[in-house]
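A.B. asks: Sharing a structure here in structure tokens format.
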Amino acid sequence: MLPGIVSRVVELLLGRREGSLHRKVAGAATAVLLAVMLVGSYAVVEAERGAPRAQLTTYPRALWWAVETATTVGYGDFYPVTLWGRVIAVVVMIVGITAYGMVTAALATWFVGRDQERRHRRVLRAEQTVEEAARALHERFDRLERMLEGGGGPKR
């Protein structure tokens, strides 16, 4: 049952094959961030185990620390004291900053793309209006030309 739930969550995050690139990038960044926070929490507990003044000794505390570190909030209530704990912290920080940057960029690109599509549709409608007006003028000129050639022009 759990693998089915995990695969559905991954599919939701990554999007289906025909999904937009924006959604795939944001989903992939989010999935990587979640994995790094979960694995990093476990790894930091292992790295800090038995160290003097260690605060990250339980998984729930380490998970809270990973979330606040990845989001760059950094309350300072928990922090690693060992070298390997700090190395893990650097990885969580870099992945967190990168993931949030990618999600923000994907959203911004999506909004800009929508605005460009709206503008493009407006330009196409304007071009159609101009083409219709040009066609109508062309037809009028053709009628005038036929009238003038056939001697049926306006009488004075």
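A.B. asks: Every residue in region 37-62 that is aliphatic (A, V, I, L, M) and either within 19 Å of Thr98 (Cα to Cα) or touching a residue at least 40 places away in the same chain (Cβ under 8 Å) (or both), please.
C.D. replies: Within region 37-62, the first condition is being aliphatic (A, V, I, L, M), and the residues that meet it are 37-39, 43-45, 47, 51, 54, 56, 62.
Result: Met37, Leu38, Val39, Ala43, Val44, Ala47.
A.B. asks: Would you say Val81 is over 32 Å from the mean Cα position of the chain (by Cα) and either among the acidic types (Asp, Glu) or more than 26 Å from Gly50 (Cα to Cα) (or both)?
C.D. replies: On the way: over 32 Å from the mean Cα position of the chain (by Cα): yes; either among the acidic types (Asp, Glu) or more than 26 Å from Gly50 (Cα to Cα) (or both): no.
Against the criterion (over 32 Å from the mean Cα position of the chain (by Cα) and either among the acidic types (Asp, Glu) or more than 26 Å from Gly50 (Cα to Cα) (or both)), Val81 does not qualify.
A.B. asks: Next up: In region 59-78, which residue that is assigned to a loop (DSSP other than H, G, I, E, B) and either aliphatic (A, V, I, L, M) or surrounded by fewer than 19 Cβ atoms within 10 Å (Cβ to Cβ) (or both) is nearest to the chain's Cα centre (by Cα)?
C.D. replies: Residues of region 59-78 assigned to a loop (DSSP other than H, G, I, E, B): 71-78.
From the residues that got through so far, the ones that are either aliphatic (A, V, I, L, M) or surrounded by fewer than 19 Cβ atoms within 10 Å (Cβ to Cβ) (or both) too are 71-77.
Working: Thr71: 17, Thr72: 19, Val73: 22, Gly74: 24, Tyr75: 27, Gly76: 30, Asp77: 31 Å.
Across region 59-78, the extreme among qualifying residues is Thr71.
A.B. asks: Can you tell me which of Leu56, Leu33, Leu12 is surrounded by 17 or more Cβ atoms within 10 Å (Cβ to Cβ), at pLDDT below 95 and either of a type in the set (Phe, Trp, Tyr) or part of a helix (DSSP H, G or I) (or both)?
C.D. replies: Numbers: Leu56 fails: either of a type in the set (Phe, Trp, Tyr) or part of a helix (DSSP H, G or I) (or both); Leu12 fails: surrounded by 17 or more Cβ atoms within 10 Å (Cβ to Cβ).
Answer to the check: Leu33.
A.B. asks: Please work out which one of (1) within 30 Å of Gly113 (Cα to Cα); (2) touching a Ser or Thr at 6+ places or on another chain (Cβ under 7 Å) is the condition Val45 fails and give its number.
C.D. replies: Condition (1) is where Val45 drops out.
A.B. asks: Would you point out which residue out of Val95, Val44, Val90, Val81 is of a type in the set (A, V, I, L, M), in a helix (DSSP H, G or I), more than 30 Å from Leu21 (Cα to Cα) and modelled with pLDDT of 90 or more? Lay out the reasoning, then the answer.
C.D. replies: Details: Val95 fails: more than 30 Å from Leu21 (Cα to Cα); Val90 fails: more than 30 Å from Leu21 (Cα to Cα); Val81 fails: in a helix (DSSP H, G or I).
None of the others qualify; the one that does is Val44.
A.B. asks: So, in region 84-99, exactly how many residues are in contact (Cβ under 8 Å) with a residue 60 or more places away in the chain and surrounded by fewer than 18 Cβ atoms within 10 Å (Cβ to Cβ)?
C.D. replies: Total meeting the criteria: 1.
The values are calculated or read from the model by the stated rules, or taken from the named source; none is laboratory data. Only a predicted model underlies this, so the values are computations on that prediction, with no experimental measurement involved. Note: ideal-geometry Cβ built from the backbone for every residue, glycine included; neighbour counts use all protein chains shown.
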